[in-house]
Amino acid sequence: MTVKLIPVDLAQAIAQEAAKHEEYPLREGQVYAVLVAAGFNAYEVAALAGSTWERIDWCLGLLNLADNAKNALEQGELPRSLAGRIARLSGPNQQLMLNRWVRGDFRNARHAERYARAILEDEQPQLSF
């Protein structure tokens, strides 16, 4: 069991504070990251926040975005769902996706998300048995 650096009641107050930033997912992720650093895992944070593990994981994942992608997300130039997909990519591929999105190379966000998913699959090591 991981040692918790802050009491659960304080962690719950912090998680509830994060929920107030739902419109700003990067800020929300930053607050959740404080709880992770204090020894809580994403499942525990989700329980404290009254949210789902997927939401917490997504917000925390956004913190992996390159700075220019974070700026694009905050300015509303990058859709949230696409930002979550891009955040899983390597730095160079994040830049590639952001550049292509800004240039208008995709029909819509869903098209860009499928492309990002394909890039992620290519980035994953192939397992052989």
Selection of trypsin sites (Lys or Arg not before Pro), segment 33-129, meeting DSSP coil and at most 11 other Cβ within 10 Å: 107
Label selected from (1) 1.97; (2) 0.99; (3) 1.04, the criterion being Rg/Rh (Cα atoms, Kirkwood Rh) as computed here: (3)
About the Cα centre, charge dipole magnitude for the chain (Lys/Arg +1, Asp/Glu -1 at Cβ), debye: 340
Within the chain, helix-based [θ] at 222 nm, where runs of 4 or more DSSP H residues each add -39,500 (n - 2.57), nearest 500: -20000 deg cm²/dmol
Residues residue 26 and residue 110, FRET efficiency given R0 of 22 Å [Cβ-Cβ distance, rounded to 0.05]: 0.50
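Once you list every other residue whose beta carbon is under 11 Å from the beta carbon of residue 110, what net charge do they have if Lys and Arg are +1 and Asp and Glu are -1?
+3
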Average Cα contact separation per residue, segment 1-120, under 8 Å, 6 or more apart, as relative contact order %: 19
C-alpha long axis of helix 109-123 to longest principal axis of the chain, angle in °: 90
Helix 25-37 vs. the chain, principal-axis angle (Cα, 0 to 90°, nearest 10): 50
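A short reminder: the numbers here are calculations on the coordinates, not readings from a lab. What you are looking at is a predicted structure, and each value in this text was computed from that prediction instead of being measured. With ideal geometry, Cβ positions are generated from the backbone for all residues, glycine too; neighbour counts draw on all protein chains shown.
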